[in-house]
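First up is the structure itself, then whatever we jot down about it.
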Amino acid sequence: MKATLGKHFFLLLLACMSALADLGRYDSATKHWEVDTGVLKCTFFQGCMFPVWFKSADDAEFPFFVFADSIVHDKMTAYLREERWATFRVIENNALRFIIECQGNFCYGKSPFNKPDDNVEAIYRYELERGSGEIDITVLLRKKSGITYDVELCSLRWRYLPFERYGKVELKTALRYNEDLKQEPAHLHHSSMDLRLGDHPVFLRREPAENTFLYLKDAIGQQKWSADSTELRFETRLCFDKTAQEVNK
Amino acid sequence: MRSILAFIVASIFCIAAEPLMRFDFSKAENGRVPNLGTDSQYAAQIQGKVETSGEILKMDGRTSKVIVEGTEDFDVSKNYTFMLLYRREDLPGNDDTNVLMDSFFAKPGVFVMSKYKNTFYANGKVDGKWAVDARAPDVFKQDDAEWHHVAMSLEYRLNWNDAEEWVEYVFYKDGVSCGKYQFKNVRLDKGKSLLEIGFNSVMGPPWSLGGEIADARVYEGVLSLAEIREIVLAQKLAKPAFTVEYKLTEDEERQLSAKGLAPEIQSAIRNLAIVVTPHYDWRAIMADAPKALQVLDGGESCLVLVNVDGHVGICSWYDRKAKRELLKGNNAFVNWTLEHWKKAGDGTMKSSHLELFEAIDGRVSSRLEEPPKRDASGKWHFDIQYDSDSLALSARSSFAFDGKRLEFTHKAASLKAGQTLHSVLYPKCSLRQLGENDALVVPEGSGVVYENPCVNNVRYATYYPRSVCSMQFCSYYDQAGGVYIATQDPWARRKEMLFIGAPGRLDGSIAWRVPYDNPGQPNEFDTSTSAVLELFRGDWYDAGLIYKADVAAMKADWWIPKLPKTTSRKDIMGNCIWVNANYSGKIPDELFALKDYLGQNFYVGDVWYWWEQGIGTHLSPTMRATPEWIEYVKVLKEHGLCTMPYMDGRLWAEKDRRGEDWMYSKFGHRMNIVSDGKPVREMYKNPCDTLCPATPEYQEHFFEFIRTITMQGLNGLYIDQLGAGLPPPCHVASHGHRYAEWFSSYRDGYAKLLRRLRDYWSSQGKEMVLSTEDAVEQFCTLLDIYQPYRWIHENQVPLFPLVYSGRIQFYNRHAMTTGARFQTTAEQLLNSEQPGIFMPTELLAPPNHELRRYAKRLAWTRHALLDFFNAGQMARQPVMLREMPRIRRFWDKFGTHFVTKPQVQCAAWDYGETRIVILINTEATPHSNVVRFELPSKQCKIEILSCDAATSSITIISDMAELEFTLNPRMLMLMVAYPESKRPQALMAKIEEDFVKVRETLSEPDPFVKHDWPDTEPIDATKGANFIDSAFIQGCRASRELGRIDFVSYATLCPGTVDFGDSPKKELVVEVACGEPKGGELKLFLDGVDAENLYGELEIDRNFKTATWNAFEERRIVFRKPVSGQHKLILFVPGKGFCNLRSWRAE
């Protein structure tokens, strides 16, 4: 988090003075965690490895996307978004901050019957802060046996639907990676269907198997996770720009 | 020996059907025995060492055999009855036979029916393994050298219901049933071996029959006990193990008439003559009838009680109005089956059964506690106490009779350790065959009328409550009246309904399996409910009204006393059409376009597969929604469209989460029902456990699962199989219920769960729509809508809607052709059902202009008549006075597959004092007729609203209206009748307003019609092309990789301009593949898709199948007239997923 000590202090003071509610609220009916930073709202969906349904403070919806992170071994691709049974561990939940860890696996196919890749354990940690539209993501992948994977990480898959529904959107995503992967701090910005990643053009294509999704490929692309590396860490920041809500209205 | 112990009276007045095979060995010539049965292709060859003596064939038990030629394709996966006359003999030197194994019939390697030691034994192979092993112990004696008649019926009870497919063996020896065995979800292999008699060439000499055989027969279908007994009585070798019905001689009839006794007394004596039991000497009774017989006069009919030497029973029910006896002489109103337990070698408790019949069974004494009494209303009351010291049985029936209705309760108890009451038939009755136009109405689907059930040997054998037995009554009647038979069980406990017609009689019974605390521990039978037999006049409609009154009186928790129902969401009560959709993540523009065209919000069907796209995964309670799917549902909701996803509430897939044993054996398996020692497992794409819903695990898991998913913005949930599949009795003590507990399915199971969910949603301020497959009565309160897509039966009548319309909604009927779709949709509207589910492509296809308008017409007509359907009452159906075409069409592969409906379907409904008659012409030709219907009062005004004519009115002073009408193709008409002085202004205003929309369908532009068919470079018709290269493709997938059109869903294909040349072409050759036989049709149009553009049609037979979905065969569409020159070619493929297409060319 880039928040300064002064900002923390200010928020703490604010929390004490006004007895602000915790950022995260567990909905026992749906078993989701609903998070509201005051700037950004999102949902940690039961069993899902990543947050969804991003909204601004006044409930203007950001376009719907899911993480398309995947690992590939022996020409078989396992997707993070096919994990329906991730477990949640709330690390911190108070008026200032909400930190949650989602733990699960990359899964082959779309069925709950289909197998996960048990060789790789994924822990995605999300940190949200009051008054911020940013989500800091820390990812830890642990490998049990020495297999080389092609990994595609921090890949966001945009639903066809929202682009039709919302037209032009303003969404900024900042990506930062550690040394295990290609270091290329990037700033993703798209203000129309003409998508760009920093100064680089972005792939824009339909997935053949799911022609209803537009696929936004980031700068990382497919990387090798070598057999002798047992852990892979990276950090990412998703930045939801306030200007988006203006456009969405 | 049970066959000896059984002392049962039989009916002989029946004629069995002709056998398929019958071999009389006296006709043998050169070792060849001709088949005297119906199929001459079968003939028997006698081989080995044999001797013949008249009809008897002596076999050596080693080499002799009888092989039936031509039976390679004799298919034991169908229903048959096998029978053989046989006498065992220990032949000198035949050591092998000492083990007493005798093969009766065998299709080696596939099927055996034999004796194994003293056991009656049958087995069959399923998927190459011996899997259907049935053994009735202690049937044969080792030193028995008498002739015996052995028979076995092989019956597949296939109800097109994943949960209810089984094969049943019933063994008979000398005309007495000695074992019944069911095996679920199996069908015997066909095999190519020849049928063998008295020998089994695979098992070898130890199984060869040592002794004599005669009269070997095989019947197609399942013969009734009465028919088998007729055959047993007709032969002279084996001694029947039952006593024979007696018919008075002419002299005895004269003596009886000379007595001058009342008709009911005479009838009672004739009945007693049939009952040849030691305690009823009919001649003695005739000599002094007043001493033994008591008439309980009820006016319209009377009962006659016989009371002789400790044996009391009802021996006659005489219908005075119709002047006829209703009961057969051997009638018994109750039957008990006792179960005797003993510890087996492995320590488990094994049991055997003994069957007893009340009143006519000599081992049970009976007495009146006190003389029958008549109360102030004229109703008779009497109790009969039954006791048997030798059998340690005590029982009591308490009767009430008012001249029409015989209502009684029954309690029974086993009195000794090691014995339980296994089952009780309550009520049971044997009725005399009524007049020539007799009919049996059963609650199968919506209700089915079986005409002439006795001469047609109708057999209705099934379990209540489930789709094929949705209510707990049947009724047998003719024009003079009939008998309604019902139980009044407000807890919908599992019962077996068995109604069997045979010439001269109709036997009906409702069997209850009795719970017990521990094996061998004496138990009691007390249902705390009444059984009813009621004499009535009328037909199925009148029987339905009696039942409706009974359900209201029995205070069943599913009965809603007052309409309209207030516990269902308004949007589901008022929904008027269903459209299907498949989740693809894409914006369902077609649904929104249809919504605009129809002018109504609607429910969207088939959403259950949306949340899991993998095959079979929808069965797993471990599945979870995805955020994408929830988002998608939200979009539909924003457009006013409602959805219900799928789950299965009855099965738990063995295939666990991701293949791990995550919840199956560790958790789900504990809920598995074990019935009679066998875990109940079913195949539903994957192996599944059938769950016991009374277990705490089930209650908690399914509550959490349903609660969580529904609270994510859904309109409700479709919980599959609650109405379709009935859980069998569960014998797992650790589940917390008694063995064979009869409350565990509904009261302590599903109802408990659903009630808890309803309470939860209510506490959260939510209203959810719940639905299930098929229609059964017990969920009418707890669910909102049923899906009776299997209502596909010839002679089906709207019995279920008559009783339950307004209390539950209905949707989803199938139709395999467009013509059938017009029929099923009309029937839906007339039954108060919600039309559909239509495929979007079905309504959007350019050629389906007529269906599109028709669907909208019917949707708005339903909208106009919601008060009648939701708060009214179905009236007696109108009658057409003139002949009308009846059209038989293929609806789907359920029930009878085909249904015949009149060209104009009609129904009448009441709301307040207003009666509405609805007439719908489902065909493409106009029809004129005269409709006759009852009027709500003697002076009525009738307003007639037609789609294509101005409203007119007429005043009629009569109880009955007879109105001439003409209905143009696919048009409908409403006749609204009300007392002349009481025009229902608000109701009429609503009808008139909605009928504007109905009429607009004739004049408004059709947004989906297409005129601009693509103009392309002319294609040489003789060379043709591949359909994937068509210039216009809609309603299917053009699979370029496979070079074919697949995923057909009302596909429209236009290759473009086709040059047929100067010489006229006569047909279009198309390549078609059908991986699974379903059936459908292809329609060929030229230059447009109006009726005049239709140039050819081809029906794809419902049995047509190719090796794979990619193995194409040519089919030819013959042009109605030869075609030459250039035309736009358009192929329309109405139907869903029944074929793939490849190339076309003209010849």
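The values are calculated or read from the model by the stated rules, or taken from the named source; none is laboratory data. Please read all numbers here as calculations on a predicted model, not as lab measurements. With ideal geometry, Cβ positions are generated from the backbone for all residues, glycine too; neighbour counts draw on all protein chains shown.
Selection within region B:329-342: residues that are more than 27 Å from the chain's Cα centre (by Cα) and under 30 Å from B:GLN266 (Cα atoms). The member of this set that is surrounded by the most Cβ atoms within 10 Å (Cβ to Cβ) is B:GLY329.
Is it the case that B:ARG882 is over 28 Å from the mean Cα position of the chain (by Cα), surrounded by fewer than 21 Cβ atoms within 10 Å (Cβ to Cβ), assigned to a loop (DSSP other than H, G, I, E, B) and of a type in the set (Lys, Arg)? Criteria met by B:ARG882.
If the condition is being under 10 Å from B:TRP540 (Cβ atoms) and either in a strand (DSSP E or B) or over 20 Å from the mean Cα position of the chain (by Cα) (or both), then region B:432-455 contributes B:ALA439, B:LEU440, B:VAL441, B:VAL442, B:VAL448, B:VAL449.
Consider region B:815-872 and keep the residues that are aromatic (Phe, Trp, Tyr) and in a helix (DSSP H, G or I). The one that is farthest from B:ALA986 (Cα to Cα) is B:PHE822. Please go through region B:920-941 and pick out each residue that is part of a strand (DSSP E or B), β-branched (Val, Ile, Thr) and surrounded by fewer than 21 Cβ atoms within 10 Å (Cβ to Cβ). Residue satisfying the conditions is B:VAL930 alone. Inspect all residues belonging to region B:711-722 and state whether any of them is surrounded by fewer than 17 Cβ atoms within 10 Å (Cβ to Cβ) and either in contact (Cβ under 8 Å) with a residue 60 or more places away in the chain or charged (D, E, K, R) (or both). Taking every residue of region B:711-722 in turn, at least one turns out to be surrounded by fewer than 17 Cβ atoms within 10 Å (Cβ to Cβ) and either in contact (Cβ under 8 Å) with a residue 60 or more places away in the chain or charged (D, E, K, R) (or both). For region B:1110-1134, give me each residue that is in a loop (DSSP other than H, G, I, E, B) and crowded, with 19+ Cβ neighbours inside 10 Å. Across region B:1110-1134, the qualifying residue is only B:PHE1112. Listed by position, the strands (runs of 3 or more DSSP E) contained in region A:1-88 that have at least 1 residues being modelled with pLDDT of 90 or more, touching a Pro at 6+ places or on another chain (Cβ under 9 Å) and surrounded by 16 or more Cβ atoms within 10 Å (Cβ to Cβ) are A:32-36, A:40-44, A:51-56, A:76-79. Screening B:GLY204 on (1) surrounded by fewer than 17 Cβ atoms within 10 Å (Cβ to Cβ); (2) modelled with pLDDT of 90 or more; (3) more than 30 Å from B:ASN457 (Cβ to Cβ) shows it passes everything except condition (2).
Just one residue in the set B:LYS997, B:LYS1023 is among the basic types (Lys, Arg) and either within 41 Å of the chain's Cα centre (by Cα) or not in a loop (DSSP other than H, G, I, E, B) (or both); that residue is B:LYS997.
Residues of region B:710-725 include none that is of a type in the set (Ser, Thr, Tyr), over 17 Å from B:ARG650 (Cβ atoms) and out of contact with any Leu (no Cβ under 6 Å at 6 or more places or on another chain).
Take B:GLU612 and tell me if it is more than 17 Å from B:TYR811 (Cβ to Cβ), more than 10 Å from chain A (Cβ to nearest Cβ) and at pLDDT below 85. The answer is no for B:GLU612. Please determine whether any residue of region A:120-134 is within 11 Å of chain B (Cβ to nearest Cβ), outside any loop (DSSP other than H, G, I, E, B) and modelled with pLDDT under 90. No, every residue in region A:120-134 fails to be within 11 Å of chain B (Cβ to nearest Cβ), outside any loop (DSSP other than H, G, I, E, B) and modelled with pLDDT under 90. Name the single residue, out of those in region A:67-91 being within 23 Å of A:SER28 (Cα to Cα) and touching a residue at least 60 places away in the same chain (Cβ under 8 Å), that is nearest to the other protein chains (Cβ to nearest Cβ). Among them, the one singled out is A:ARG81.
State which residue is farthest from the other protein chains (Cβ to nearest Cβ) when the search covers only region A:26-54 and only residues that are of a type in the set (Ser, Thr, Tyr) and farther than 17 Å from B:LYS634 by Cβ. Looking at residues that are of a type in the set (Ser, Thr, Tyr) and farther than 17 Å from B:LYS634 by Cβ, I get A:THR37. Can you find even one residue in region B:728-746 that is among the polar types (S, T, N, Q) and closer than 20 Å to B:CYS642 by Cβ? Looking for residues that are among the polar types (S, T, N, Q) and closer than 20 Å to B:CYS642 by Cβ, one finds none in region B:728-746, hence no. Inspect all residues belonging to region B:314-321 and state whether any of them is part of a loop (DSSP other than H, G, I, E, B), surrounded by 16 or more Cβ atoms within 10 Å (Cβ to Cβ) and within 38 Å of the chain's Cα centre (by Cα). Yes: one or more hits. Evaluation of B:ASP383 against the conditions (1) touching a residue at least 24 places away in the same chain (Cβ under 8 Å); (2) touching a strand residue (DSSP E or B) at 6+ places or on another chain (Cβ under 7 Å); (3) not basic (Lys, Arg) shows that the sole unmet condition is (1). Within region B:624-671, the set of residues being away from chain A (no Cβ under 11 Å), among the small types (Gly, Ala, Ser) and assigned to a loop (DSSP other than H, G, I, E, B) comprises B:GLY640, B:GLY649, B:SER665. Condition check for B:SER377 on (1) at pLDDT 85 or above; (2) buried (at least 23 other Cβ atoms within 10 Å of the Cβ); (3) not in a strand (DSSP E or B): one failure, at (2). Any residue at all in region B:742-759 that is surrounded by 24 or more Cβ atoms within 10 Å (Cβ to Cβ), under 27 Å from the mean Cα position of the chain (by Cα) and in a loop (DSSP other than H, G, I, E, B)? Scanning region B:742-759, I find at least one residue that is surrounded by 24 or more Cβ atoms within 10 Å (Cβ to Cβ), under 27 Å from the mean Cα position of the chain (by Cα) and in a loop (DSSP other than H, G, I, E, B), so the answer is yes.
When region B:181-201 is filtered for residues that are part of a loop (DSSP other than H, G, I, E, B) and either of a type in the set (Asp, Glu) or surrounded by fewer than 24 Cβ atoms within 10 Å (Cβ to Cβ) (or both), the ones remaining, listed by number, are B:ASN185, B:VAL186, B:ARG187, B:LEU188, B:ASP189, B:LYS190, B:GLY191, B:LYS192, B:SER193, B:LEU194, B:SER201.
Give, as residue ranges, the strands (runs of 3 or more DSSP E) completely inside region B:1035-1080 that count at least 1 residues that are among the aromatic types (Phe, Trp, Tyr).
By residue number, B:1049-1059.
Checked against the criterion of being surrounded by fewer than 22 Cβ atoms within 10 Å (Cβ to Cβ) and modelled with pLDDT under 95, the candidates B:PRO564, B:PRO519 yield just one match: B:PRO519. Take the conditions (1) among the charged types (D, E, K, R); (2) surrounded by fewer than 20 Cβ atoms within 10 Å (Cβ to Cβ); (3) not in a loop (DSSP other than H, G, I, E, B); B:LYS1083 misses just one of them, which is (2). Here is the figure for region B:758-811: residues that are at positive phi and touching a residue at least 40 places away in the same chain (Cβ under 8 Å) total 3. Within region B:302-313, the set of residues being free of Cβ contacts under 8 Å to residues at least 60 places away in the same chain and either in a strand (DSSP E or B) or touching a Cys at 6+ places or on another chain (Cβ under 7 Å) (or both) comprises B:VAL304, B:VAL306, B:VAL308, B:HIS311. For B:ALA1107, indicate whether it is surrounded by fewer than 18 Cβ atoms within 10 Å (Cβ to Cβ), assigned to a loop (DSSP other than H, G, I, E, B), touching a strand residue (DSSP E or B) at 6+ places or on another chain (Cβ under 8 Å) and among the aliphatic types (A, V, I, L, M). In short, no.
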